[in-house]
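Contents: one structure, followed by commentary.
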């Protein structure tokens, strides 16, 4: 006689009606606005010597301090960072963070960035994964940075979907269990690809695994950062440059084309820009109306024009300059 339940004597998997799941708060979407999703896993990729580690350290510093990444992208969920650089000594990493802290006006003595102090870490070894989990439970980071993948595995084949998915699956489990965003630095293929998601070396599982992907490309002295997200709008490619003073650090580079987009003749639009620039924080439409003492329809129309011109964008906390 058939069992009265589909699972027989086995305990069923837990289920929950979708309406009973608490929605994600709007201000908890981003770890770093436009750059990295809160609690997301993903890749930072590129060819050799394109400043991948500089960018990883820049994002780590932004999360640890709450300051805008690259001086421009707001950090919404600041907290401690756990960082493992397999190709750099601890002294070399200290020097990188010293320079970044100096450039961003931070005190390195107050910086909540923790370096994993082992010569070798293997993500394909169960014992190393247990020790990594224990370190995460100890410092409870918002962000875990692992740099780079090729130095974090033993004899697995990067081109093998089964080998790669096993390692990435372990990292996804850590992300879910520990509520930590994970940034994995990975190298690009030698041959160029039209889509950055297809440019990562090895199995296609790398790109499929990611919630957020960053890809750095160099042409001469110019760096371009391409950003893609699984569940959010991706920004336009970001132009970067490596500054040397007061210490090596990455900054955004305003192109002449973006400058040309900024309106010059409309007084209300210019005043909105001045208010946002002066306050250096987002303003709601209501706040702008009160400050400017203008009709709502005029302010909304001006904001729409500025948005279309690529000058402002609307965030969960209000309007801000791009």
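Given 10 °C and 1.306 mPa s, how large is the Stokes-Einstein diffusion coefficient of the range 15-71 in µm²/s, with Rh as the Kirkwood radius over Cα pairs?
117 µm²/s
Stretched out fully, how many nm does the piece from residue 48 to residue 102 gain, at 0.36 nm a residue minus the Cα gap?
Full extension of this stretch gives 16.9 nm more.
Once you place label points 7 Å from the Cα toward the Cβ at residue 247 and residue 304, how far apart are they in nm?
Once both label points are built, they end up 4.8 nm from each other.
If one takes the longest principal axis of the Cα atoms in the chain, at what angle in degrees, from 0 to 90 and to the nearest 10, does the Cα axis of helix 267-279 lie?
That helix lies at roughly 50 degrees to the long axis.
Rounding to the nearest 10 and keeping the result within 0 to 90°, find how far the Cα-based axis of helix 161-178 lies from the longest principal axis of the chain.
70 degrees
Among 274, 201, 230, determine the one that fluctuates most according to a GNM of the chain built with springs between C-alpha atoms less than 10 Å apart.
Judging by the Gaussian network model, the answer is 274.
Under 10 Å, Cα contacts only: if you run a Gaussian network model on the chain, which one of 206, 283, 83 comes out with the highest mean-square fluctuation?
Top of the fluctuation ranking is 283.
Would you mind telling me which residue in 237, 267, 78 has the biggest mean-square fluctuation in a Gaussian network model of the chain, where springs connect alpha carbons within a distance under 10 angstrom?
Taking springs between Cα atoms under 10 Å, the residue moving most is 267.
Which of the three applies to the range 259-321, rounded, prolate or oblate, going by the alpha-carbon gyration tensor with a ≥ b ≥ c and a/c under 1.5 meaning rounded?
Because its axes are fairly even, with a/c under 1.5, the range 259-321 counts as rounded.
Over the range 62-173, what number does the Rg to Rh ratio reach, with both radii from the alpha-carbon atoms and Rh per Kirkwood?
1.00
So for the pair residue 10, residue 285, with labels modelled 7 Å out along Cα→Cβ, what separation do we get in nm?
That separation, rounded to one decimal, is 5.3 nm.
Among the DSSP beta bridges whose two residues both lie in the chain, what percent are antiparallel, rounded to the nearest 5?
If I count the DSSP bridges inside the chain, around 50 percent turn out antiparallel.
For the range 30-253, report the translational diffusion coefficient in µm²/s to the nearest whole number, using Stokes-Einstein at 25 °C, 0.890 mPa s, and a Kirkwood Rh over Cα pairs.
In µm²/s, the coefficient is 141.
If I stretch the segment between residue 156 and residue 239 completely, what's the gain in nm (0.36 nm per residue apart, minus their alpha carbon distance), one decimal?
26.4 nm
What does the C-alpha gyration tensor say about the overall shape of the range 1-143? Classify as rounded when a/c is under 1.5, otherwise prolate if a/b is larger than b/c, or oblate.
Cα axes put the range 1-143 in the prolate bin.
Could you give the length gained on full extension between residue 89 and residue 18, defined as 0.36 nm per residue of separation minus the Cα-Cα distance, in nm?
20.8 nm
At R0 = 45 Å, how high is the FRET efficiency between residue 296 and residue 232 if r is their beta carbon distance? Nearest 0.05 is fine.
The computed FRET efficiency comes out at 0.95.
Quick one: divide the alpha-carbon radius of gyration of the range 119-235 by 2.2 N^0.38 Å and tell me what you get.
1.11
Please report, in whole Å³, the volume per residue of the convex hull around the C-alpha atoms of the range 83-141.
88 Å³
Enter the angle in degrees (range 0 to 90, nearest 10) between the Cα long axis of helix 52-65 and the first principal axis of the Cα atoms of the chain, meaning the one along which they spread out most.
Roughly 70 degrees, rounded to the nearest 10.
No lab work stands behind these numbers, since they all come straight from the coordinates. All of these numbers come straight from a predicted model, not from anything done at the bench. Every residue, glycine among them, receives a Cβ derived from its backbone with ideal geometry; neighbour counts consider all protein chains shown.
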